[in-house]
1. Run residue 114 past the list (1) closer than 24 Å to residue 163 by Cα; (2) touching a strand residue (DSSP E or B) at 6+ places or on another chain (Cβ under 8 Å); (3) without any contact (Cβ under 8 Å) to a residue 40 or more places away in the chain; (4) part of a loop (DSSP other than H, G, I, E, B) and report the number of the one that doesn't hold.
2. Can you tell me which residues in region 9-28 are more than 10 Å from ligand 1 (Cβ to nearest atom) and in contact with a helix residue (DSSP H, G or I) (Cβ under 7 Å, 6 or more places away or on another chain)?
3. Starting from residues that are assigned to a helix (DSSP H, G or I), near ligand 2 (Cβ under 10 Å from one of its atoms) and free of Cβ contacts under 8 Å to residues at least 12 places away in the same chain, keep the ones in region 133-178 and report whichever is nearest to residue 74 (Cα to Cα).
4. Pairs only if they're at least six apart or on different chains, beta carbon under 9 angstrom, first in region 30-55 and under 18 Å from residue 18 (Cβ atoms), second in a loop (DSSP other than H, G, I, E, B) and away from ligand 1 (no atom under 13 Å from the Cβ); list them, first residue then second.
5. Any residue in region 169-176 that is within 15 Å of ligand 1 (Cβ to nearest atom) and surrounded by 11 or more Cβ atoms within 10 Å (Cβ to Cβ)?
6. Pairs, please: C-beta under 8 Å, at least 6 apart or cross-chain, first residue farther than 26 Å from residue 146 by Cα and in region 78-97, second within 16 Å of ligand 2 (Cβ to nearest atom) and not in a loop (DSSP other than H, G, I, E, B)?
7. Do we find a residue being more than 20 Å from residue 142 (Cβ to Cβ) and within 15 Å of ligand 2 (Cβ to nearest atom) anywhere in region 12-24?
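Every read-out reported here was derived from the displayed coordinates using simple, explicitly stated rules and does not represent laboratory data. Quick caveat, the model's predicted, so the values are computed rather than measured. Glycine also receives a Cβ, built like all others from the backbone with ideal geometry; neighbour counts cover every protein chain displayed.
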Ligand SMILES: Nc1nc2c(ncn2[C@@H]2O[C@H](COP(=O)(O)OP(=O)(O)O)[C@@H](O)[C@H]2O)c(=O)[nH]1
Ligand SMILES: Nc1ncnc2c1ncn2[C@@H]1O[C@H](COP(=O)(O)OP(=O)(O)O)[C@@H](O)[C@H]1O
């Protein structure tokens, strides 16, 4: 059966848990391809170049945008972020699904991209804003100034929730992960129906008396 990989968009305000959820989803299904973004923000302790992000300079980033090498790109919290186009196209052609951890601007651009294919978008909400701040602080990787800045932007990110196919409140992490698995499983079944189950059903019927 000819099929194209799904484009799965995961967005949330900073600290709601999307990196944690993306990591869990990748551990559950190693056929998923994670879109490693390019960014001009400096690496956090423990972040590896090429694994968490492609850390780059503003000049290199702009060259890649000018060369049409980014599927989408945006400025978030004063830094540039973008999804390299080539790995996504390769995964799609191979029928592999790609997971994106991008903000609402990235979500809009991926939906509008000429890549076609089946897009599934999921927005992750925190149970409350005080809990969001607690999570940002407990991650222990950002300065107070950065945390205050991210909290200030959280309402703007949340205001885009209704643009997404699914909205999950990430209260219990195991439950949210289970919901994400269920979404992925159901959306794959839907994609497979679009991708040619019609031919299979025809064959099935022709085989009947
Ligand atoms: N548009 C876009 N946003 C991105 C990309 N990569 C990361 N982001 C978003 O940039 C924001 C900041 O990411 P990051 O600095 O890793 O902070 P974190 O979300 O708190 O872990 C998040 O909303 C990410 O979803 C990208 O390639 N494109
Ligand atoms: N459901 C949850 N309950 C409690 N803590 C969580 C939950 N989900 C994520 N966290 C924690 O919150 C912090 C921020 O999560 P992270 O995945 O880095 O968020 P994001 O990628 O959206 O910025 C991390 O320390 C993570 O372990």
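1. Of the numbered conditions (1) closer than 24 Å to residue 163 by Cα; (2) touching a strand residue (DSSP E or B) at 6+ places or on another chain (Cβ under 8 Å); (3) without any contact (Cβ under 8 Å) to a residue 40 or more places away in the chain; (4) part of a loop (DSSP other than H, G, I, E, B), the odd one out for residue 114 is (2).
2. From region 9-28, those more than 10 Å from ligand 1 (Cβ to nearest atom) are 21, 23-28; that's our starting set.
21, 24, 25, 28 - these are the residues of region 9-28 that are more than 10 Å from ligand 1 (Cβ to nearest atom) and in contact with a helix residue (DSSP H, G or I) (Cβ under 7 Å, 6 or more places away or on another chain).
3. Step by step, filter region 133-178, then rank; the result is 137.
4. 32/96; 32/97; 33/5; 33/94; 33/96; 33/97; 36/50
5. Filtering region 169-176 for residues within 15 Å of ligand 1 (Cβ to nearest atom) gives 170.
Keeping just the survivors that are surrounded by 11 or more Cβ atoms within 10 Å (Cβ to Cβ) gives 170.
So far as region 169-176 goes, yes, one or more of its residues are within 15 Å of ligand 1 (Cβ to nearest atom) and surrounded by 11 or more Cβ atoms within 10 Å (Cβ to Cβ).
6. Close Cβ pairs (under 8 Å, with a partner that is within 16 Å of ligand 2 (Cβ to nearest atom) and not in a loop (DSSP other than H, G, I, E, B)) amount to 97/8.
7. Here is the first cut: in region 12-24, the ones more than 20 Å from residue 142 (Cβ to Cβ) are 24.
Next, only the ones that are within 15 Å of ligand 2 (Cβ to nearest atom) stay: 24.
Within region 12-24, one or more residues are more than 20 Å from residue 142 (Cβ to Cβ) and within 15 Å of ligand 2 (Cβ to nearest atom).
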